[in-house]
Amino acid sequence: MSNQRIIRKADLRTIEHNLTNIHSGIEHMYHYVLSMQNKVLETEAKLDKLSNDFYTYLQDELQSKQLQLAETRLVRVRQKLEKDFGHYDSVRRRATGILQAVDVGIVRDEIISSTTEELMLKTPKYWLSPCLVALSAWIEDKRELAEKALQEGFRRDSQKSSLFFALVMRRYERFEACSRWLESYFFLQDASALDREVIILLDAFTNGVFDPQSRAQSIAQMNQWMFDVTASGEELHKSWLEPLEKFIVDQAVDQQYPYLSQYSPTFDQCKKSLEFAHSHQQLLTFLQTVFSGEVRPVQKVFEAVDEMLQNLVTDYDEEELPLRQKDRLLNLIIEEDGKREIAEEKFSQEKVAWNQKFHFKDVMQTLAFFPQTVSATKATQRFAIAFCKDWLVNAYKDFTAEHRRQFPSEIEIEIEGWQGTTRDGTNQIEMVRSLMEYMKKKGKSKKKLKKKHYLAAVGGGLLSIFGIALAYIHPAFLLLTLLGLLGPGWFLWLRRHNKKVERSQFYQKQINAKNDLLATIAEIVDWRDEYTKADEDSKKVTEYIASIRKEQYVQTGFDQARAIHT
């Protein structure tokens, strides 16, 4: 009876209140854990931003150091150029000056003679010095001295000397002599190893500097060079594929098609194909820019020849080239604000212009696509493209065929582990059904309880059993039973809560997967439409190239005679 009275007098409301508080504490702890997860995610985002900012800082710092280093080295290179070859500049500046002095007749012959002889003494290895002595002797009608000086000029550089006197003879309208000098120059050339000065000759030819006979002589020689290099059997148009690649411009396709970039393993191929398709318009714009507008030649022949002579005499000699190359590379680094990789890439594109010898195909390729690297005129660029039109057509066909072969006919899609393919989105219904079936088979992602939850349930159960057993000794031990039940209770509550979360997450995951699939398919349709429309521009390019005629791009020049083409 006494034991029953004790049980009846026990106040269980306090225990119930404590259990409620414990449950609230568990709820509070759960929400606290979620808030901590959000803070961890925010911290990770901040760390990513900090990492990106630090990388950007390092890049800026590296570029700044490269810029400073390039500026310092450029000063040293130019000092060495001035020290080793500065006296060449003195000779170069006097070449056209002597010709212009003769034109106006305000400088005595003996002054010209003494000046050229002094230059000869100061530059014992330079080809231009004896040529100027020969020119001075020719002006003074000193045949023996002129012939000796010519021999010395030829010994130092026969090709530049021949072209120099061909231009001088054209300047003074000695057409027959000009033709002979050109013949001498052509005789020294090999189509597979042309001198850099051939670009100056082509500039003179395309800008109408030469008379009809010399123009016919030049075009005949170019046809011969074309025949020689073609007869080798080499597929020469292959070398024109590389400059065509530069019209493929990197685009932010991933931003334009975010779902395709995220869910398609084929995205890189899609991106490259789309950039290729847009290259047709890039190439067409380039050609239209080259062939549009009027190219107006200088109205006076001696001014045009003087410009050609200036290009010839200021063209760097072989011994100067290593320093000139360093000078150019350092200039490019400065122009790109210290971005060395970009500067080196640009320099590699110009590298052919620094070669001591050119293959004819490389000359024409450089003139067609990179005329600025050799200071060629727009008229020469037009002629190079027109003259080698067949190479350009064949290269463009190969370029187009190669990239079209890489076009992904089937686009792969991968979402939540599910994989599918489509050509143009016409199988959308089947793909959605397949995705939903996959999601159902995959089932809900179960939130597994941790080891501590099982330990709490088992430990709490054992404590309850222990409390019941001790209650026979004293009823107060029933409190242990109640406290022990907290473990299994927490365990059961977490299981029920997790199942509820799993159902909600699974449903939402199905909706998200379906929406992602539909958005990806929509972008595939848009991507294919954009590709098809852009690729159609290839017909415009082909038609435009076919309309080019090389005969249209050789100016008749400063005489009224019709240009002769063979």
> Which condition number in (1) of a type in the set (A, V, I, L, M, F, W, C); (2) at pLDDT below 85; (3) open to solvent by less than 40 Å² (accessible area, probe 1.4 Å) is the one that I342 fails?
Replying inline: (3)
> Only one of (1) in a helix (DSSP H, G or I); (2) of a type outside the set (D, E, K, R); (3) open to solvent by less than 40 Å² (accessible area, probe 1.4 Å) fails for I413. Which number is that?
Replying inline: (1)
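For the stretch 177-215, give me each residue that is hydroxyl-bearing (S, T, Y), in a helix (DSSP H, G or I) and either open to solvent by 30 Å² or more (accessible area, probe 1.4 Å) or more than 19 Å from M364 (Cβ to Cβ) (or both). First the steps, then the outcome.
Here is the first cut: in the stretch 177-215, the residues hydroxyl-bearing (S, T, Y) are 179, 184-185, 192, 206, 214.
Cutting the leftovers down to in a helix (DSSP H, G or I) gives us 179, 184-185, 206, 214.
Listed by number, the residues that qualify are S179, S184, S214.
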> Across the stretch 157-176, which residue is farthest from P124 (Cα to Cα) among those that are open to solvent by 30 Å² or more (accessible area, probe 1.4 Å) and modelled with pLDDT under 85?
Replying inline: E173
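Matching residues to (1) farther than 27 Å from K357 by Cα; (2) buried (at least 17 other Cβ atoms within 10 Å of the Cβ); (3) in the same structural domain as E307 (by the TED database); (4) of a type in the set (D, E):
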position: L99; (1), (2), (3), (4): yes, yes, no, no
position: V104; (1), (2), (3), (4): yes, no, no, no
position: S113; (1), (2), (3), (4): yes, yes, no, no
position: L119; (1), (2), (3), (4): yes, yes, no, no
position: S129; (1), (2), (3), (4): no, yes, no, no
position: E140; (1), (2), (3), (4): yes, no, no, yes
position: K148; (1), (2), (3), (4): yes, no, no, no
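Is one or more of the residues making up the stretch 419-431 assigned to a helix (DSSP H, G or I), open to solvent by less than 50 Å² (accessible area, probe 1.4 Å), in the same structural domain as K509 (by the TED database) and touching a strand residue (DSSP E or B) at 6+ places or on another chain (Cβ under 9 Å)? Spell out how you get there, then give the answer.
First, the residues of the stretch 419-431 that are assigned to a helix (DSSP H, G or I): 428-431.
Still in the running and open to solvent by less than 50 Å² (accessible area, probe 1.4 Å): 431.
Filter again for in the same structural domain as K509 (by the TED database), leaving 431.
Okay, now just the ones that are also touching a strand residue (DSSP E or B) at 6+ places or on another chain (Cβ under 9 Å), so 431.
The answer is yes, given that some residue of the stretch 419-431 is assigned to a helix (DSSP H, G or I), open to solvent by less than 50 Å² (accessible area, probe 1.4 Å), in the same structural domain as K509 (by the TED database) and touching a strand residue (DSSP E or B) at 6+ places or on another chain (Cβ under 9 Å).
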> Looking at (1) surrounded by 14 or more Cβ atoms within 10 Å (Cβ to Cβ); (2) over 14 Å from W240 (Cα atoms), can you tell me which one T366 breaks?
Replying inline: (2)
>> Looking at the stretch 115-136, I want the residues that are closer than 12 Å to R156 by Cα and have a partner that is open to solvent by 20 Å² or more (accessible area, probe 1.4 Å) with Cβ atoms under 6 Å, at least 6 apart or on another chain. Which pairs are those?
In response: T123/H87; W127/R156; W127/D157; S129/M120; P130/E152
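Yes/no matrix, rows are residues, columns are (1) assigned to a helix (DSSP H, G or I); (2) at pLDDT below 70; (3) open to solvent by 10 Å² or more (accessible area, probe 1.4 Å):
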{"site": "H280", "(1), (2), (3)": "yes, no, no"}
{"site": "T289", "(1), (2), (3)": "yes, no, yes"}
{"site": "R296", "(1), (2), (3)": "no, yes, yes"}
{"site": "V305", "(1), (2), (3)": "yes, no, no"}
{"site": "R324", "(1), (2), (3)": "yes, no, yes"}
{"site": "N331", "(1), (2), (3)": "yes, no, yes"}
>> Given (1) modelled with pLDDT of 80 or more; (2) open to solvent by 10 Å² or more (accessible area, probe 1.4 Å); (3) within 23 Å of the chain's Cα centre (by Cα), identify the lone condition not met by A353.
In response: (1)
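The values are calculated or read from the model by the stated rules, or taken from the named source; none is laboratory data. Not measured: the values here are computed from a predicted model. FYI the Cβ positions are ideal-geometry reconstructions off the backbone, even for glycines, and counts take in every protein chain you see. Side chains included, ligands, DNA and RNA excluded: accessible areas come from the protein's heavy atoms. Shrake-Rupley method; radii C 1.70, N 1.55, O 1.52, S 1.80 Å.
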